[in-house]
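Take a look at the structure below.
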Amino acid sequence: MVRDKRRLRVSERLMTAPLRLPRTSATRLALLILPAAAALVLATATSARAYVIEGQRWPGPTITYYATAYKKAANQAAQTWNNANVGITFRKASSSASADFVVIYSSDINRCEGLSLVGYQYGSQSWTEVGAGCDRAFMVFTLTHELGHILGLGHETHRCARMNPTVDFPTGTPGDCRYHRRSYWFKHLLKNDDIRGVRALYGG
């Protein structure tokens, strides 16, 4: 059997100040603060080669979200993190205006990929952007990863984790994990490294 080994990019943007900027400017800000983010990574993860924390923790016990893109996949991703008992809970908001973050389509994002701000945005609404036209079941993998960024996790590049920066299409196997069929990964959406990282932030 031949499988598609194309790797999809699942990336994040960093913001560490309560600024409302055009998204092009936000990208520049991310590049400027990477050295500071790297210092934080070294302090939290390098010695153990474990999870990577890049964002500010959210201040309350609940994060509200509103999805206009891949609603079922977003709900399943949120429930996956809730079931992991990581010390904070995702809850659906009644409208996009009242949500802490939104999940929306973007023509700038490739099919099946996603892009998110990382961690708490100091009162400004956060967002996850996704590309249109993807297999809706596969988007559960992408959005579980992206919600990890919303929680404050960065990319894990040293061990198997949902927060690996690439994922195999169509199986959903994270880039640093042993290959399994899609049915396996639907039952193992998060790895221990992902859960430990968020619990380190929120004390779950």
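Just so you know, all these numbers are worked out from the coordinates, no wet-lab data involved. Predicted model only: the values in this text are computed from it and were never measured. So basically every Cβ, Gly included, is an ideal-geometry build from the backbone, and we count neighbours across all protein chains shown.
How would you rank 150-158, 115-123, highest first, on the average number of other Cβ atoms within 10 Å across their residues?
Order by mean packing, descending: 150-158, 115-123.
Taking 7 Å along the Cα-to-C-beta vector as the label spot, tell me the Ala84-Asp108 distance in nanometres, rounded to one decimal.
So the two model labels end up 2.7 nm from each other.
When the Cα atoms of the range 75-149 are enclosed in a convex hull and the volume is divided per residue, what value in Å³ results?
Convex hull of Cα atoms, per residue: 97 Å³.
Sorted by average packing, counted as other Cβ atoms within 10 angstrom per residue and highest first, what order do 162-169, 68-75 take? Write down the numbers at each step before the final one.
Numbers: 162-169: 23.4, 68-75: 18.6.
Averaged packing, sorted descending, gives the order 162-169, 68-75.
Straight-line reach from Lys191: which aspartates and glutamates have Cα under 17 Å away, leaving out those fewer than 8 places along the same chain?
Correct list for Lys191: Glu146, Glu156, Asp168, Asp176.
Under the classification rounded if a/c is under 1.5, otherwise prolate if a/b is larger than b/c and oblate if not, where does the range 132-184 fall, given a ≥ b ≥ c as square roots of the Cα gyration tensor eigenvalues?
Verdict is oblate for the range 132-184.
How large is the dipole of the range 64-156 about the Cα centre if only Lys and Arg carry +1 and Asp and Glu carry -1, each at its Cβ, rounded to the nearest 20 debye?
So the dipole magnitude of the range 64-156 works out to roughly 360 debye.
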